[in-house]
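One structure below.
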Amino acid sequence: MVRAVFQPRNGIMSDDIRPTPQPGILDITAYLPGKAGAAGSKAIKLSANESPLGASPKAIEAFKSVADHLEIYPEGSSRLLRVALGEVHGIDPGTIVCGNGSDDLLHLLAQCYLGIGDDAVMSQYAFSVYPIITKATGADIIIVDEVDYTAHVDGLLAAVTPRTKVVWLANPNNPTGTYLSDAEVRRLHAGLRPDILLVIDNAYAEYVTAEDFSIGLDLVREAANVVMVRTFSKMGLAAARIGWMVGTPELVDVINRIRGPFNVNLPGQLAAAAATRDVDFTARLREHNAHWRDWLTQELTSNHMYVVPSQGNFVLVLFPDADHAAMAFNALAERGLIVREVGVSYGIHHGLRISIGSEQAMIGVAGILKALVKIS
Ligand SMILES: *Cc1c(COP(=O)(O)O)cnc(C)c1O
């Protein structure tokens, strides 16, 4: 075999010269999604907090309505969706930005407000996207211990440094399901310098039943350094990739300067607007979830398992150790129930996150786990 060797003039082998990513990128561990089960299998996916009731029929109809016009660019600012959100939630559409999933908006917020030399603060078991988007800007992430799997306001405040620019708060949090009350969120905000952006990620807001919870819109209106981020993904439209955020007009202007000009697809905009107005469907999802979340928690708790109290559409079940969690994962998977392992992504090696699914799926999960506790 003949191999031609190109020797550049400076003597360095050309093989050694290559594009180099920005500082921080190679420190990132890529996001690990929940398993989906073998393709074509009848597995029930309880690993991604998707809606067990599908999407609003009105959203599906709206999505299909543009199938014959896919050659047309969407309206770039997602105006019809912002108007629908404004109407239903009582928000000025001018203070809303829509995104290709809330992930899109979280990335944009990081890119606009973080850079080399800065840091962002997050809670120990907070959503695993926050370290990724923080490090991608070259900023450092500060991780603060939790108490009882719940964000700790005093700890978060104590961790703030002169270089802190952002605090990421998922409320309720994924994968723990725990939340901070309105009073606690206000206490957190009150302890932050006004130049620190508090990002309240309310991905599970629709599922919260706790009476002392607030979506934080009042804070967004009162303060110049608070933004609320939401998603349609947990409400039946994960495939459409639609997120939205509310902030001050100044903040909205900043995000709009770098946002992709057509970042939200048209079928998705229409589907999300229809889903927003279909408040009956949202209420049904919420009721189904509250019922089966309570039921599953009760079933497992009364059979010697520990369930972290959840306000989301999932529960975090804690086993005596990692081996028991693995056994439970396998027993469920053998019966076609795929749940989320949270060891590698979150360091909760003895836990499994289980999405609230259909009645049949919940009865299946409870039965399998109860049988397992009896033999171990
Ligand atoms: C699922 C989730 C998101 C991301 O949702 P997308 O809109 O699908 O990007 C954001 N934050 C939290 C806490 C989540 O659990």
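The values are calculated or read from the model by the stated rules, or taken from the named source; none is laboratory data. Just so it is clear, the structure is predicted and the values come from calculations on it, not from any experiment. Methodologically, a virtual Cβ is constructed for each residue, glycine included, from the backbone with ideal geometry; neighbour enumeration extends over all protein chains shown.
Numbers below:
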read-out: Residues being of a type in the set (Asp, Glu), in a helix (DSSP H, G or I) and buried (at least 16 other Cβ atoms within 10 Å of the Cβ) - total across the range 266-288; value: 0
read-out: Enumeration of residues in the range 29-68 that are among the hydrophobic types (A, V, I, L, M, F, W, C), closer than 26 Å to residue 174 by Cα and surrounded by 12 or more Cβ atoms within 10 Å (Cβ to Cβ); value: 32, 36, 43, 44, 46, 48, 53, 55, 59
read-out: Counted residues, the range 188-231 - those being within 16 Å of the ligand (Cβ to nearest atom), within 22 Å of residue 278 (Cα to Cα) and either of a type outside the set (Val, Ile, Thr) or not assigned by TED's automatic domain parsing to the domain that holds residue 109 (or both); value: 8
read-out: Cβ-Cβ under 9 Å pairs, at least 6 apart or on other chains, the range 324-341 side free of Cβ contacts under 8 Å to residues at least 24 places away in the same chain, far side surrounded by fewer than 19 Cβ atoms within 10 Å (Cβ to Cβ) and not in a loop (DSSP other than H, G, I, E, B); value: 326/343; 334/368
read-out: Some residue of the range 289-309 being in contact with a Pro (Cβ under 6 Å, 6 or more places away or on another chain), touching a residue at least 12 places away in the same chain (Cβ under 8 Å) and part of a loop (DSSP other than H, G, I, E, B); value: no
read-out: Count of residues meeting criterion [farther than 20 Å from residue 261 by Cα, more than 14 Å from the ligand (Cβ to nearest atom) and among the aliphatic types (A, V, I, L, M)] in the range 95-124; value: 4
read-out: Members of the range 232-265 that are part of a helix (DSSP H, G or I), among the polar types (S, T, N, Q) and away from the ligand (no atom under 11 Å from the Cβ); value: 256
read-out: Which listed residue, of 15, 27, is under 32 Å from the mean Cα position of the chain (by Cα), at pLDDT 65 or above, of a type in the set (D, E, K, R) and outside the structural domain of residue 356 (by TED's automatic domain parsing); value: 27
read-out: Only one of 210, 158 that is free of Cβ contacts under 8 Å to residues at least 60 places away in the same chain and among the small types (Gly, Ala, Ser); value: 158
read-out: The listed residue being within 27 Å of residue 292 (Cβ to Cβ), in the same structural domain as residue 261 (by TED's automatic domain parsing) and either at pLDDT below 95 or within 24 Å of the chain's Cα centre (by Cα) (or both), out of 47, 102; value: 102
read-out: Within the range 125-144, tally of residues that are out of contact with any helix residue (DSSP H, G or I) (no Cβ under 6 Å at 6 or more places or on another chain), more than 14 Å from the ligand (Cβ to nearest atom) and assigned to a loop (DSSP other than H, G, I, E, B); value: 3
